[in-house]
Every structure is written in C-alpha cells, then in structure tokens.
1. Would you point out the residue of region 345-376, among those that are aliphatic (A, V, I, L, M) and touching a Lys or Arg at 6+ places or on another chain (Cβ under 9 Å), that is farthest from G453 (Cα to Cα)?
2. Any residue in region 252-269 that is under 21 Å from the mean Cα position of the chain (by Cα), farther than 25 Å from L360 by Cβ and not in a loop (DSSP other than H, G, I, E, B)?
3. Among all residue pairs at least 6 apart or on different chains, which show Cβ distances below 7 Å where the first residue, located in region 147-168, is of a type in the set (F, W, Y) and the second is outside any strand (DSSP E or B) and at pLDDT 95 or above?
4. Within region 154-170, how many residues are surrounded by fewer than 17 Cβ atoms within 10 Å (Cβ to Cβ) and polar (S, T, N, Q)?
5. Within region 57-64, can one find any residue that is touching a helix residue (DSSP H, G or I) at 6+ places or on another chain (Cβ under 8 Å), touching a residue at least 40 places away in the same chain (Cβ under 8 Å) and surrounded by fewer than 12 Cβ atoms within 10 Å (Cβ to Cβ)?
6. If S326 satisfies every condition in (1) under 18 Å from the mean Cα position of the chain (by Cα); (2) buried (at least 21 other Cβ atoms within 10 Å of the Cβ); (3) within 18 Å of K269 (Cβ to Cβ) but one, which is the exception?
7. List the pairs whose first member sits in region 34-46 and is within 12 Å of L138 (Cβ to Cβ), whose second member is charged (D, E, K, R), and whose Cβ atoms are under 6 Å apart, counting only residues at least 6 apart or on separate chains?
Amino acid sequence: MKKENLERMLENMLSTGGDFAEIFLEDKKTTIYNYVDSNLDGYSVNYSSGLGLRLAKENNVYYAATNDFSNKNINSIINSLKENVNGKAIYDYVSLNRIKKYKNNHKTHYTNEDIKKLFNGLDKKIRIKDERINQVSLNLQNVKQNVTIARENGLYKKEERERTRLYITISLKDNDKSCNKAYSYGKTISLDLLDEINYDEVINNLVKEGLDKLYAKPCVGGEMPVIIENGFGGVIFHEACGHAMEATSVADKISVLSHDLGNKIASEKVSIIDDGTLYNEWGSSKIDDEGRETKINKLIDKGVLTGYLIDEINNRKMKMQPTGSSRRESYIYAPTSRMNNTYLEKGTDTFEEMIKDIKLGLYAKKMGGGCVSPETGDFNFACDLAYMIRDGKIAECVKSASLIGNCKDILQSVEMVGDNLALGQGMCGSISGSVPVNVGMPRIKVGHILVGGEKDE
C-alpha cells in the first residue's frame, strides 16, 4: 500500500476528533516441516496478509482488522470506527515523514531435500540409542513476517522479521510405562539455525532424561528448598512475575505489583531484565508493534521494582513513557504491553554450594507449563523433569512434581543464584494473541516453596 494512501486513511480516521490513529499492515509466510517415524509426513506453506486499524480519543480505544484491502471495505471500517468519536478534528493533515526500514539480511543454504536428509539422519541417530524409543517426531517452523506501521504523528516504519524453531520429541515405552521428552530451539534467523545445534549432545541428553523420566518415582510433597535449573526454568518468573509487570494489568490496578514501583519486593539476589534488542534471539525485534524501537528494560534491580513494560495506550493511563514492549500475534489483534526476552541476571553461586546443606529438597531440572493469577500472584507450575535431593545429593527421578506458591513469596525466597545464565524459547498468550518470547535465568536456589506430590513414607 502506497504511503500517500496511508496518509489519506489516517486523515480520514482522525476527521471526527481522534487524537491517535494507527495502521498496521502485515504479510506473513509460514513454512512447516513435520517428520514422524522416518517419514516427512507434512510439509506446508501458508500465506496471510491483512491490516489492523486503531483509533483512540483519550483513554477510549477502538480497533478493527480485515484481510480485504478493497477501498470500499476499508472506508466502511474507518467509518465504523469514527462513529465512536465525536468532535472537531485535531489533525487536518498527516505527513508520514518519520521513515525507517529494517531489512532481513538472513539467508539460508537449506533446501527441502537438505532438511529431509538431516531429519532422516537424526531419526536413525536417536533410534539406535535405546530399544525403548518407540517414536521420533521432528518439527521445523520458519516464519517470515513483514510489518508496516503508520501513525498520525508521522511515524512510518517497516521491518522484515524471520524466526525459525526446531522441535525434537521422543516417545519411550517399557511394558506399561511410557513418557515423552522434548527439545526445542529457536531464534530470529533463517533455516541456518540448524547449523548452530550440537545434535550429538542434544540427543544424548534427550535420551538420558527420557529414560530417567520413564522410571520416575512418585514425588515427595511438602514445603522444602528447591533448586531450579537454568534456561526454561525462567518460565516461573515470566509467568508469576513478568505478567504482573505488564501495563496490560498494571494500568488498571489489577496487578499484584501495581503499587510497588520503587519498593523492595525481592531478594537482593534478584535482578530481572526484559531485553528486546538481544541479537537474533527468539523474542527480539528491531521495533515493537507500535513502531517504537525495542530496548533494554530493567524491571527489578537487586530486589527493587524499578520499572514496568508499557505500551502507547496504557502510557496514557500511567503517565509513564512507553518501553518498546508493545506486541501482537498478527494484524487480527490490537497490540498491548508484552515481554520479549525476560531473564534473571546471573550470580556467582555454584551448584555444590546450593545443594550441600539440603537434607530433603527438589531439583527441578526442566520446568513445564503452569498457570498464574496476575491479580494475586498465585501460581502452580508442573515440572517436566525433577529429582529429589537427599542429604546434599541428587537422588531419584520423580514424577508429578509441581511448584505451588506466590509471586512475591518466591521473589523473596531466592537465596542463591548461579552463573550459568541461559535462555529458553516459548510462546506466550495474552489479549494480543500468542507471541514468541524467551524466558531465562541461571540456576537458582529457593529457600522454601510448596512442592506438590505425594507424602514421604
């Protein structure tokens, strides 16, 4: 769509007194490879395109989306939005003169045949590791997204984005016992992501952890110290604390952290950052979905809550500057404040120091999914892979372990922080859809947390 056409659309949107108008254009290509049991049983390429129109006056916001680019349809949508805004036009003329474009410079040498050959090789490598492996699934996704954002203030920005993610899942079975174990890796790069992976290391860890999980014993329940491993272990802070720092809930005073800015809410060991600028990382982009450049946002500094994640609209309620944190799944959704790459900063404590004094505790090596209430901070998270700690040593692998607690409690209970910071990839759902995020942290020791499981005999 030509710049001149966007300018006229914005002028039309603002003609009844709106003080904010935005056009979001999107083109997306999604390529998916599915490989199950030695067969490339699914290959698909999907295209989508559309635009989102957002109009606001003061704190009243109106949004509509369409994939019909006809002038008749777009004018009809604009007229519907304008019906909500009555008044004299503030903007007579819009000039899109704040222009910036961000190119996707990622290339790939991979063809479909290369991927099929790689997957065949991985399938064989995995299966020969153990006869109890009864299924191997591989999934590769590549998304190319081009966005254009135009605003009443002259902002006119474009970004070409590309993300790739690989999933490896194995199923194990021994008589009546069965389990699944998965690995995933993703970044904002092309299919050349596949060159970054140490497949031998990944496969060895996957099979070992899968066999441990296959014969896991019931988890001992109760309140106890817990060591949470690095990487995706950071999901507990993402869910339990990160969402409570998004303006989506803070602006309306429904977050457990709405009134805590400047207060000490965590152990001095805890410093949390959200960084949308990390090079090629899964949750990174040059600009957010309102056209503002992403940045490094320190949310907690040595236990003190120092900031929130703020979008353009919630800025109006909070009277605080936007933080480059406005995101959406696609043109279908209006954007709002969201996390990008959120992580707990590394410390200096060793694993040996963390474990040595624990008589009975839990080692949460891999975290799973969970649920949290931003209003109260209460959470419940499953452990995908966990071991009991007995007398300062790692003991049996356990199943059905979960971590139950409250955001503020766990923040205060962090006693030790390791130096092995790592990031883990995930998809985060909220009112603006599902967006790619990194969660991360080094290994940590939590002094006490309720572990869901069974009573110790």
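The values are calculated or read from the model by the stated rules, or taken from the named source; none is laboratory data. On a predicted model such as this, the values are computed, not experimentally measured, just so you know. Cβ sites come from the backbone with ideal geometry, for glycine too, and all protein chains shown count toward neighbours.
1. Pass one, region 345-376, residues aliphatic (A, V, I, L, M): 354-355, 358, 360, 362, 364, 367, 372.
The next check asks that each one be touching a Lys or Arg at 6+ places or on another chain (Cβ under 9 Å); those that pass are 354-355, 358, 360.
Numbers: M354: 22, I355: 21, I358: 18, L360: 14 Å.
That would be M354.
2. Residues of region 252-269 that are under 21 Å from the mean Cα position of the chain (by Cα), as a first pass: 255-257.
Then keep just the ones that are farther than 25 Å from L360 by Cβ; that gives 255-257.
Subset that is not in a loop (DSSP other than H, G, I, E, B): none.
No, because not a single residue in region 252-269 is under 21 Å from the mean Cα position of the chain (by Cα), farther than 25 Å from L360 by Cβ and not in a loop (DSSP other than H, G, I, E, B).
3. As it stands, the answer is Y156/K3; Y156/L96, since those pairs meet every condition given.
4. Quick first cut of region 154-170, residues surrounded by fewer than 17 Cβ atoms within 10 Å (Cβ to Cβ) only: 154, 160, 167.
Still in the list and also polar (S, T, N, Q): none.
Number satisfying all stated conditions: 0.
5. yes
6. Against the list (1) under 18 Å from the mean Cα position of the chain (by Cα); (2) buried (at least 21 other Cβ atoms within 10 Å of the Cβ); (3) within 18 Å of K269 (Cβ to Cβ), S326 comes up short only on (3).
7. Correct list of pairs: N34/D41; S38/D123; L40/K116.
One line per residue, one yes/no per condition, for (1) on the phi < 0 side of the Ramachandran plot; (2) at pLDDT 95 or above:
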position	(1), (2)
G17	no, yes
T30	yes, yes
S38	no, no
L53	yes, yes
N79	yes, yes
